[in-house]
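> Have a look at the structure that comes next, please.
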Amino acid sequence: DVVMTQSPLSLPVTLGQPASISCRSSQGLVYSDGNTYLSWFQQRPGQSPRRLLYRVSNRDSGVPDRFSGSGSGTDFTLKISTVQAEDVGVYYCMQGSQWPWTFGQGTKVEIK
Amino acid sequence: EVQLVQTGVEVKKPGESLNISCKSSGYSFSNYWIGWVRQAPGKGLECMGIIYPGDSDPRYSPSFEGQVTISSDKSITTAYLQWNSLKASDSAMYYCARLSAAPGEGFDYWGQGTLVTVSS
């Protein structure tokens, strides 16, 4: 299985400041069709997960533009340009390039 | 509006069987893969398996193969996750989620989750 490793696992952030989460895969995520299937999910406390980004950097409908994704190969990053109170939760990366699809361990974002 | 509505809370004893459901609406059920994701208490997300309702073709993660059965009934736009003999370690929140048209893009719509507690 492809192992997804996130860092940090806990991220205290000051409101209005930026935040960055790293996700590294144990193998390259370029699929045979040339696409890189790396997604990011947000899980607010007590809620179901919600997809924020897919194929590394494509934002889902309704996702604020303060969320952005970048990276290639085995190294990916989720950035929040200015953290808001509603961004508190756990963030997961997920690879969909090789079955079984696998998630990172999660990064808990909290307000300082 | 795409919606996935899951069975409510289930409390079972070890050794019992269980079937939880996920009713979809607002899109063409047969044409999108549906997946099941496990979240053990205080833990992260694990993809258990997916199914294509158009032909009821399931695919399991090796960690869950033989442990659960995933099925679907396109006549009632519902997917299922079944256990024949529950263990305490099956206690978790289970989410169904729809996959994007390009499945590798991941789960774009999620159910509200079914909490399963297995205890004697």
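> Using alpha-carbon pairs under 8 Å, 6+ residues apart, how would you state the relative contact order of chain B in percent?
Over chain B, the number comes to 36 percent.
> Please compute the contact order of segment A:15-67 in relative form: average sequence separation of alpha-carbon pairs under 8 Å and at least six residues apart, divided by the residue count, as a percent.
Result for segment A:15-67 is 22 percent.
> Here is a further query. Return B:Trp83, B:Trp110, A:Trp40, A:Trp101 ranked ascending by Cβ neighbour count within 10 Å, so the fewest neighbours appear first.
B:Trp83, B:Trp110, A:Trp101, A:Trp40
> Oh, and also: Considering the Cα trace of chain A, what is its radius of gyration and what is Dmax, both in angstroms?
For chain A, the Cα radius of gyration and maximum Cα-Cα distance read 13.3, 43 Å.
> Next question. If you average the sequence gap of Cα pairs under 8 Å that are 6 or more apart and divide by the length of segment A:1-89, what percent do you get for the contact order?
After rounding, I find 32 percent.
> What is the diffusion coefficient of the protein assembly as shown in µm²/s, taking the Kirkwood radius over Cα pairs and the Stokes-Einstein relation at 37 °C with a viscosity of 0.692 mPa s?
It diffuses with D of about 182 µm²/s by this estimate.
> Please report B:Phe64, B:Phe107 as a ranked list, fewest other C-beta atoms within 10 angstrom at the top and most at the bottom.
If I rank by nearby Cβ atoms, fewest first, I get B:Phe64, B:Phe107.
> Taking other Cβ within 10 Å of each residue's Cβ, how do A:Cys93, B:Cys47 sort, fewest first?
B:Cys47, A:Cys93
> If you don't mind, another one. Could you pull the Rg and Dmax for chain B, using just the Cα atoms, both in Å?
Every Cα atom of chain B included, Rg and Dmax give 13.5, 42 Å.
> Compute the distance in nm between two label points, each set 7 Å from the Cα along the Cα-to-Cβ direction, one at B:Ser89 and one at B:Val9.
Here the answer is 2.6 nm between the modelled labels.
> Next question, about the same structure. How many Lys pairs in the protein assembly as shown lie less than 27 angstrom apart by Cα atoms, where the lysines are 8 or more positions apart or on different chains?
Lysine pairs meeting both conditions in the protein assembly as shown amount to 15.
> Obtain the nm distance between the two label points defined at B:Ser30 and A:Ser22 by a simple spin-label model: each point lies 7 Å from its Cα along the Cα-to-C-beta direction.
4.8 nm
A short reminder: the numbers here are calculations on the coordinates, not readings from a lab. These numbers come from a predicted model, not from an experiment. So basically every Cβ, Gly included, is an ideal-geometry build from the backbone, and we count neighbours across all protein chains shown.
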